[in-house]
Amino acid sequence: MANAIEVRGLVKRYDALAAVDGIDFDVPEGSVFAFLGPNGAGKTTTTEMLEGLRRRTSGDIRVLGLDPWTDGRELHRQIGVIPQEFHFFAKVTPKEAIAYYGRLFDKQPDPDALLDQVQLTDKADSRFDTLSGGQKQKLGLALSLVDEPRVCFLDEPTTGLDPHARRAIWNVVRDLRRDGRTVFLTTHYLEEAELLADQVAIINHGRIVAHGTPQEIIETYGGPERLRVQGSSELAEYVRQRLGIPVRFESGRLEIALREKGDALRILSAIDASGFPWTGFATERDTLEEVFVHLVGQMDEGVLKSAAPTVEGTP
Ligand SMILES: Nc1ncnc2c1ncn2[C@@H]1O[C@H](COP(=O)(O)OP(=O)(O)OP(=O)(O)O)[C@@H](O)[C@H]1O
Ligand SMILES: [Mg+2]
């Protein structure tokens, strides 16, 4: 499969700050790529360089084979963009806005179908300045679809939306992917990335700290799968002694890391044979969110430590 986006050694400096500090990634055509990272990590800066709205300091970018900065005019006909904060003329209604975009791009969009797709039908004839934040975002998404873009850049399309509306946007992303379009998405909702994305990259302080499918990232950076059992501290102590393995105990719950295939059965048999009461068991893995918090937290600790002044007399 050809790549819709190729990025090599991309750098963006704002004076002394390297907001994007040498990143590389590819996005295959027809896939969903989620770009995750804490506030100020460099997501919007990267997204806008891909869209041709910001000039890079160095490195190489190809979107549909074009350089977004020098071939912007040709590229903009093939991409759809919704910025992190979508603004439009105050007195224009969503229906009028879609018709206006249609004329702009020389397309005949069906406003009712587009508004239905993003669940904004009830506000079709309301002025833009009367829409709520989430409704404005939805209109931004509808407008980005007018041009039937091959690549859609969605910068936090679901921030501030209620759970129901977020699901509507997820469905739009799924529809786009099903139609063979490429979606480049930034989000702070990790479960959204886990549900929608083929590939995920986590960026922190301008550098990519993890990259792969959500599953690969969880397997590489997450903790081992764990067995959880409801029981007493005596039972926890019994398992520790009997099997010689670490057992975490908290609020009536034992948590034991599973390292090998047969571990769960072995541990449950020991628990069952112990004579101590126990109920319900489950196995669980880290979610992408847990891995994210751990990875970013760990990195920031390192940054803080290395930036902390050394006190005389301490090593
Ligand atoms: N025009 C600018 N001039 C100077 N610094 C900037 C400019 N735009 C962004 N920055 C800085 O670059 C860094 C990255 O910003 P960016 O907007 O890309 O972050 P982000 O990952 O999109 O964050 P958020 O999740 O808050 O949207 C931040 O430290 C920000 O303050
Ligand atoms: Mg941003």
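The values are calculated or read from the model by the stated rules, or taken from the named source; none is laboratory data. Just so we're clear, the structure is a prediction, and the values are computed from it rather than from any experiment. In this analysis, Cβ positions are derived from the backbone assuming ideal geometry, glycine residues included, and neighbour counts consider all displayed protein chains.
Can we say Ala16 is assigned by TED's automatic domain parsing to the domain that holds Leu190, of a type in the set (A, V, I, L, M, F, W, C) and at pLDDT below 95? Spelling it out, Ala16 is indeed assigned by TED's automatic domain parsing to the domain that holds Leu190, of a type in the set (A, V, I, L, M, F, W, C) and at pLDDT below 95.
Out of all the residues in the range 141-168, which are over 24 Å from Met49 (Cβ atoms) and not acidic (Asp, Glu)?
The first filter runs over the range 141-168 and keeps only residues over 24 Å from Met49 (Cβ atoms), leaving 142, 160-168.
Residues satisfying the conditions are Ala142, Gly160, Leu161, Pro163, His164, Ala165, Arg166, Arg167, Ala168.
Among the residues of the range 172-196, just one is among the charged types (D, E, K, R) and within 16 Å of ligand 1 (Cβ to nearest atom), namely Glu192.
Screening Asp125 on (1) more than 16 Å from ligand 1 (Cβ to nearest atom); (2) over 22 Å from Ala90 (Cα atoms); (3) touching a helix residue (DSSP H, G or I) at 6+ places or on another chain (Cβ under 9 Å) shows it passes everything except condition (2). Summed over the range 261-275, the residues that are touching a helix residue (DSSP H, G or I) at 6+ places or on another chain (Cβ under 9 Å) and surrounded by fewer than 15 Cβ atoms within 10 Å (Cβ to Cβ) give a count of 3. For the range 1-110, the helices (runs of 4 or more DSSP H) that sit wholly inside it and include 2 or more residues that are among the hydrophobic types (A, V, I, L, M, F, W, C) and free of Cβ contacts under 8 Å to residues at least 60 places away in the same chain are 94-105.
The set of residues in the range 38-58 that are closer than 18 Å to Asn3 by Cα and either of a type in the set (Phe, Trp, Tyr) or more than 8 Å from ligand 1 (Cβ to nearest atom) (or both) comprises Met49, Leu50, Glu51, Gly52. Looking only at the range 44-98, which residues are of a type in the set (Val, Ile, Thr) and within 16 Å of ligand 2 (Cβ to nearest atom)? Once the filter is applied, which keeps residues that are of a type in the set (Val, Ile, Thr) and within 16 Å of ligand 2 (Cβ to nearest atom), the range 44-98 yields Thr44, Thr45, Thr46, Thr47, Val81, Ile82. Residues satisfying the criterion are present in the range 141-149 (criterion: modelled with pLDDT under 95, within 20 Å of the chain's Cα centre (by Cα) and assigned to a helix (DSSP H, G or I)).
Just give me the residues in the range 124-140 being farther than 17 Å from Pro83 by Cα and part of a helix (DSSP H, G or I), in sequence order. Within the range 124-140, Asp129, Thr130 qualify. Give the residue that is nearest to Glu194 (Cα to Cα), with candidates limited to residues of the range 15-37 that are surrounded by 15 or more Cβ atoms within 10 Å (Cβ to Cβ), within 12 Å of ligand 1 (Cβ to nearest atom) and small (Gly, Ala, Ser). Per the stated criteria, the residue is Gly37.
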